[in-house]
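In what follows, a structure is listed as structure tokens, so that the remarks can point back to it.
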Amino acid sequence: MSIKKWKAFLRKEVVLPLKAKGKQKIFCIGFNKTGTTSLKKAMLDLGYQVGNQRDAELLLPNYLAQEYQGIIKYCKSAQFFQDIPFSLPETYKILEDNFPNSKYILTLRDSPEQWYHSLCNFHSNSFSEGKLPNTYQLKNIDYVYKGFLWDSMNAITPLDENDPYKKEPLIRAYNDHIENVQTFFKSKEKSLLSINLAEKDSYKRLITFLEVDSDESDFPWENKTKKKVD
């Protein structure tokens, strides 16, 4: 093993877990494209240790195989986590079993339709030159790993190979996820914050939930000339 790889190994397996040890975990469990990128930036600015997103995304096969030990181990590397696999259905139950007294943030959009269009626009512009990817593309685009897009969308809801972006099942999956999360935490209301980052008081609600102080009055948007929830 080269010195560079050895240092990277030590940082990942020793330094980061030691830094995060004993600190409360905070999980963003809203679907991707509900403001999770903006929330991540806010958490960084508040001084939280944020998990490496690519390392987390590579755990999708573990989630699909219901082999959660790799996810649990990864959670020891930081304080705050978002997107896949944390955004996927049922993950929050595993997290709650293994990290009691954690806090959870359920990010929302103005409407299910807004989330659906955001997902479609992101995939079209990022992976298929302005058009929705077809099934073949979803299975073969090498993003994170070959087939990651197909796997991640199927983790939300089983896809129709003839129409993978069919609106009805995706909207239903979005609504079901919100309902299931809020039902699960009904008896633990202080552990869950449901939040739409586009709403005026959302940042204040976040810092109140986290019990931290901040000089900011709004989310520190990357594009200050045009607020955009990613």
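The values are calculated or read from the model by the stated rules, or taken from the named source; none is laboratory data. Keep in mind the model is a prediction, meaning the values are calculated, not measured. No Cβ is skipped: glycine too gets one built from the backbone with ideal geometry, and neighbour counts run over all protein chains shown.
Here are a few things to note about the model shown:
- Region 109-122, subset touching a residue at least 24 places away in the same chain (Cβ under 8 Å) and not in a helix (DSSP H, G or I), residue farthest from the chain's Cα centre (by Cα): ASP110
- The single residue among ASN125, ASN62 that is out of contact with any helix residue (DSSP H, G or I) (no Cβ under 7 Å at 6 or more places or on another chain) and either loosely packed, with under 14 Cβ neighbours inside 10 Å or not in a strand (DSSP E or B) (or both) turns out to be ASN125.
- For VAL14, the conditions (1) at pLDDT 95 or above; (2) out of contact with any strand residue (DSSP E or B) (no Cβ under 6 Å at 6 or more places or on another chain) are fulfilled apart from (1).
- Residue within region 202-210 that is under 22 Å from LYS40 (Cα atoms), surrounded by 11 or more Cβ atoms within 10 Å (Cβ to Cβ), at pLDDT 95 or above and small (Gly, Ala, Ser) present: yes
- Residue within region 137-148 that is part of a helix (DSSP H, G or I), surrounded by 20 or more Cβ atoms within 10 Å (Cβ to Cβ) and touching a Pro at 6+ places or on another chain (Cβ under 8 Å) present: yes
- Within region 46-58, being surrounded by 19 or more Cβ atoms within 10 Å (Cβ to Cβ) and either on the phi > 0 side of the Ramachandran plot or touching a Pro at 6+ places or on another chain (Cβ under 8 Å) (or both) holds for one residue alone: ALA56.
- For beta carbons closer than 9 Å, sequence separation of 6+ or different chains, a first residue in region 134-153 that is farther than 15 Å from GLN53 by Cα and among the charged types (D, E, K, R) and a second that is modelled with pLDDT of 95 or more and not in a helix (DSSP H, G or I), the qualifying pairs are LYS139/LYS146; LYS139/GLY147; ASP151/TYR145.
- Any hit, region 116-125, residues being of a type in the set (Phe, Trp, Tyr), under 18 Å from PHE31 (Cα atoms) and out of contact with any Pro (no Cβ under 6 Å at 6 or more places or on another chain): yes
- The condition of being within 22 Å of LEU39 (Cβ to Cβ) and of a type in the set (Ser, Thr, Tyr) holds for only one of TYR145, TYR174, TYR165, that being TYR174.
- Scanning region 79-108 for residues that are among the β-branched types (Val, Ile, Thr), closer than 28 Å to GLU199 by Cα and assigned to a helix (DSSP H, G or I) turns up just one, THR91.
- Residue check, LYS190 among the basic types (Lys, Arg) and either part of a strand (DSSP E or B) or at pLDDT below 95 (or both): yes
- Among residues of region 20-49 that are assigned to a loop (DSSP other than H, G, I, E, B), those with a Cβ under 7 angstrom from a residue that is among the acidic types (Asp, Glu), sequence gap 6+ or separate chain, pair up as ASN32/ASP83; GLY35/ASP230.
- Number of positions in region 65-78 that are surrounded by fewer than 19 Cβ atoms within 10 Å (Cβ to Cβ) and either touching a Lys or Arg at 6+ places or on another chain (Cβ under 7 Å) or not in a loop (DSSP other than H, G, I, E, B) (or both): 5
- Residues of region 193-221 satisfying the condition of being free of Cβ contacts under 8 Å to residues at least 60 places away in the same chain and part of a helix (DSSP H, G or I): SER202, LYS204, ARG205, THR208
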